[in-house]
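Worksheet: one structure, shown below.
Every number here is computed from the coordinates shown, using simple stated rules; none is lab data. Everything numeric in this text was worked out from a predicted model, so none of it was measured. Backbone-built Cβ (ideal geometry, glycine too); neighbour counts: all protein chains shown.
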Amino acid sequence: MEYNNEYNLDLYPKKLHWKEGDLTATRTTMWSGPGCHEGCQVIFYTDDDGKLVKVEGDPNSPFNQGRLCMRCLELPELVNHEERLRYPMKRAGKRGEDKWERVSWDEAYDIIEEKVRAFQEKDGPESIISMIGTGRNVSQVIAHNQYANFGGPDLTLCFLSGDSCMLPRTALCYVVMGNQWVADMSQFRPDRYENDPEWQIPECIVIWGTNPVVCNSDAFLGHWIVEAMKRGSELVTIDPQLTWIASKSKYWLRLRPGTDAALALGMMNVIIGEDLVDHDFIDKWTYGFEALAERVKDYPVEKVAEICWVEPELIVEAARFYAKAHPSTIQWGLAVDMSKIGTPTAHAIACLAGITGNIDNPGGNILIDQACGLEFGYNSGIEYLKEGMVEKRLGNSKYNLKKYGFTASSQSDAILEACETGLDEKGDPRPVNMLWIQSSNPITNMGQDAPRIYRAMEKVPFICVVDLFKTPFIVACADLVLPCAMSNERDCIRVWFDPVRSLTKCSSFYEAKEDEQIMIDLGHRLAPESWPEWVKEPRDYMNWRLQVGNCGFTMEELENDHAGMIYNDFRYYKYEKGLLRPDGQPGFMTPTGRYEFYISLFDSWGVDALPFYEEPPTSPVSTPELAEEYPLVLTTGKRSFEFFHSEWRQANTTSRELHPVPYFDIHPDTAAKYGVAEGQWTWIENQMGKCRQVARFNDTLDPRVISTEHGWWFPEQEAAEPSLFGVFDCNPNNLIPMCENGPSGYGAPIKCGMAKVYPCTPDNMRPEDQPTYQVTATNGYTHGPSHKSDEPSFYDQNNKGETSWHKPANTAF
Ligand SMILES: Nc1nc2c(c(=O)[nH]1)N[C@H]1C(S)=C(S)[C@@H](COP(=O)(O)OP(=O)(O)OC[C@H]3O[C@@H](n4cnc5c(=O)[nH]c(N)nc54)[C@H](O)[C@@H]3O)O[C@H]1N2
Ligand SMILES: Nc1nc2c(c(=O)[nH]1)N[C@H]1C(S)=C(S)[C@@H](COP(=O)(O)OP(=O)(O)OC[C@H]3O[C@@H](n4cnc5c(=O)[nH]c(N)nc54)[C@H](O)[C@@H]3O)O[C@H]1N2
Ligand code: SF4
Ligand SMILES: [Mo]
């Protein structure tokens, strides 16, 4: 493998450690805990006791060039927080009572070993399921642990309905192009921007359903866009609200949440209609253009404007601008995934990039892989799984994209149903005896219909959680809790896209262990045959995986000889050079060898092979009667600089000081209509349940749309039930269903529901009105099949056994 690692190191020593005054500086990567999708290079400063006291961005790093967000700058506050978990604990009272007994690591491992062996014996290893959070260096750990140590096949995001984070986009990309893409900001070479002889400044960058500077999502640093803007890139932003980046854009398309697919199809209608397509790319490298051209005729601009609430002229102008600019690129985000039609939406956007030929070109949308091609994700250790196990994955038999391996995970909603019913999606017995939850806090944040998840957990006999803090989920549901290490306490490598980066341990915290160490320790106990004798510590594990991956360097070489960062040899136009297919032929890794607008696999599965738009399950159009009661379109999960999901809520942090309460955005006219004042606590309610947040006026929103935050809990409140840190009080997931997925199994209406708002008043703010009390003490908000009452839910009634899929005849995809 060739590496390109020539970059300028002049501001700090080219060393791993050095002294500055009384402090020791360590060059490393910030990557979990706490979470972030990024992994910027940082200098951690520790004192003589090894305590982290200061963090700086590494100005030598081509990746982040010294920049840091507030969460990295404030890291010592969280790392040294008095509420951090220090020791393993086992439950001493009932679940929810918050009674714990400290145990040693050996005792904790004994408990796990005993449970795992008993469950394997009783119902097979498939009765043990592992679930994960996002953006933490846990995916390879949890996968390897699940497959090799526990032996079960099921692993996925922790009750995120429709696995609606990146996976809908990724799975779709794999069928269309056999790979995944990202906007090219010269990030895969150390010589950035104009120093890269091949990179071109994108003339147009489309920011689609992402807020890059705040979120830095999907391993893409928002600052890179700012750098491109400084060099002349102009932006088209597609977002219901005027974000900072939208305010700097040439065009801002304020669409109705959940209508992105219609917009992309309408833009293609313009581009194909006006013949602004790249004929050369289409003729040589794509499949199904004629069929796509036919399909987009169903989406004339006037109709799309009506669906999306965007002026038709703006759609036309933005489409022309995107198609005429060279190169043009699209940076997409979570909002693409978070509707029931997450995959068709991603499909429409992928077609847009394809018809304009902006694929794998400098400054376009480039095809990428993990650094060094290392398998450090959901497939880690899959080779240890016994034959026939993968096929047992929950959701596999129902969803072809899963069945045929387009993503290496089970379906979250199918796991929830198995927890509730003891059955798989075919109705065959599938008891869930144990959940292993590592880096997730599902009733607070990750899962939809949070009360339903809370209730389903009652049916799971043993739940073990590995975390940094005592979360509401731990108090309500866990039987055993293991404390884990944070970024400064880890030896690890990061491979989520180039460059490969090292994390070097410079402190420790009481008995907290690295996630890797827990996996290794369990491995030697539970599956010694799968573990080389010499792999005793995380550093050994990294070197083992680098060896297996044939990377040609060790962890120590990465740290000491390469300033903790090695770039792969990135190439453009890989499809022309035969670099995408195992047979070495030019083309894409798809059945036709082409970039498939018309997805030949979907065709063979008998489902719609072209992108399409469908109304969200509840909307002013699909459910007008419901809209009379819940008139506002609700999008959720607005991120802020201060928090990463449910993290950073601890008292006495700068985050909580700057952002003490949850806010939802509402247009001032709408607020006036419903009697809500700025800064007022307000109930947000729909047919599923309710939550409350503080009104923040935002006159950039369409008056018919509101936008909430997510992930709120209040560590300063009582832990034991019915208080449970106030976990359900402000949680928008009370209002969002589980199991309402698109026909691919991916996607869920998380950013396109409906709600009404009304002010919190003393009359409706009694203790018994609080959602946490209602859920924990009175069994409120019961919507799934786990109902204590047998009333069918709103969604059950409306589905009537069949779904409203685009092609109801065949729901296999
Ligand atoms: N600070 C911080 N950063 C984070 C996170 C965090 O919690 N905090 N979470 C991380 C995770 S896991 C993820 S997945 C990413 C997500 O980050 P992004 O991919 O950037 O997505 P969001 O921030 O959810 O939403 C982006 C924008 O979509 C808009 N939006 C809402 N509904 C719609 C819609 O229907 N269509 C369109 N086009 N736009 C819509 C919102 O107004 C928002 O400005 O962020 C990651 N980064
Ligand atoms: N309504 C609504 N809900 C959403 C979203 C939305 O937009 N709207 N976004 C969704 C999305 S995209 C995602 S990805 C999920 C994210 O959901 P998650 O990734 O599950 O995030 P959290 O729920 O905050 O739980 C993370 C937990 O992991 C712990 N942790 C942090 N670092 C580490 C580590 O290195 N190791 C271990 N073992 N633990 C660690 C933290 O202390 C915390 O308790 O939330 C989803 N929830
Ligand atoms: S993106 Fe921000 S929070 Fe994440 S690692 Fe980089 S500086 Fe830290
Ligand atoms: Mo996410």
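Things to note:
- The alpha carbon centroids of segment 637-660 and segment 453-493 are separated by 20 Å.
- Positive-end residue of THR259, ALA677, THR345, charge dipole of the chain with Cβ unit charges: ALA677
- As a proxy for reagent exposure, ranking HIS645, HIS17, HIS144 by other Cβ atoms within 10 Å from fewest up yields HIS17, HIS645, HIS144.
- Applying a DSSP loop filter and a limit of 15 other Cβ atoms within 10 Å to the GluC sites (Glu not before Pro) in segment 359-448 leaves GLU387.
- Ordering CYS215, CYS730 by the number of other Cβ atoms within 10 Å of each residue's own Cβ, fewest first, gives CYS215, CYS730.
- Assuming charge only on the beta carbon of Lys and Arg (+1) and of Asp and Glu (-1), the dipole of segment 624-799 about its Cα centre is about 300 debye to the nearest 20.
- Averaged over residues, the count of other Cβ atoms within 10 Å places the peptides 610-617, 99-106 in the sequence 610-617, 99-106, highest first.
- For the peptides 71-83, 326-338, 231-243, residues were scored by their other Cβ atoms within 10 Å and the scores averaged per peptide; the highest-first order is 326-338, 231-243, 71-83.
- About its Cα centre, the chain has a charge dipole of approximately 340 debye under the convention of +1 per Lys or Arg Cβ and -1 per Asp or Glu Cβ, with nothing else charged.
- The antiparallel fraction among DSSP beta bridges confined to the chain stands at about 50%.
- In order along segment 189-203, the phi-based Karplus estimate (6.51 cos²θ - 1.76 cosθ + 1.60, θ = phi - 60°) of 3J(HN,Hα) comes to 9, x, 8, 7, 6, 5, 6, 8, x, 9, 4, 10, 6, x, 6 Hz; Gly and Pro are listed as x.
- When the listed pairs LYS115/LYS392; LYS303/LYS402; LYS297/LYS324; LYS386/LYS505; LYS51/LYS99; LYS15/LYS51 are checked against a 23 Å cut-off, the alpha-carbon distance exceeds it for LYS303/LYS402; LYS386/LYS505; LYS51/LYS99.
- Summing +1 for each Lys or Arg and -1 for each Asp or Glu among the other residues whose beta-carbon sits under 15 angstrom from that of ASP729 gives -3.
- Sorted on the mean count of surrounding Cβ atoms within 10 Å across their residues, most packed first, peptides 296-302, 39-45 read 39-45, 296-302.
- The coefficient of translational diffusion for segment 624-799, derived via Stokes-Einstein from the alpha carbon Kirkwood radius under 25 °C and 0.890 mPa s, stands at 144 µm²/s.
- Options ALA408, THR356, PHE462, ranked by Cα towards positive dipole end of segment 349-470, top entry (Cβ charges): PHE462
- Additional length obtainable on full extension of the chain from PHE641 to ASP428, 0.36 nm per residue less Cα span: 72.2 nm
- Cα centroid separation, segment 197-262 to segment 91-135 (Å): 44 Å
- Taking every lysine pair in segment 624-799 that is 8 or more places apart or spans two chains, those with Cα atoms closer than 22 Å amount to 8.
- For the chain, averaging the sequence separation of C-alpha pairs within contact (under 8 Å, six or more residues apart) and dividing by the residue count gives a relative contact order of 18 percent.
- Potential lengthening between PHE553 and THR700 on full extension [0.36 nm per residue; Cα-Cα distance subtracted]: 47.8 nm
- Three-way shape call for the chain based on the alpha-carbon gyration tensor, with the a/c threshold at 1.5: rounded
- Annotation: the residues MET765, MET268, sorted from fewest to most other C-beta atoms within 10 Å of their own C-beta, follow the order MET765, MET268.
- The 3J(HN,Hα) values that the Karplus relation (6.51, -1.76, 1.60; θ = phi - 60°) gives for segment 502-508 are, in residue order, 9, 10, 10, 5, 10, 8, 9 Hz. Gly and Pro appear as x.
- Under 5 Å, built H, 5+ apart or other chain: amide partners of VAL466: ILE437, GLN438, SER439, LEU482
- Using R0 = 25 Å, the C-beta based FRET efficiency linking GLU20 and ASN80 works out to 0.80.
- Farthest toward positive dipole pole in the chain [+1 Lys/Arg, -1 Asp/Glu at C-beta], among GLN200, PRO624, SER164: PRO624
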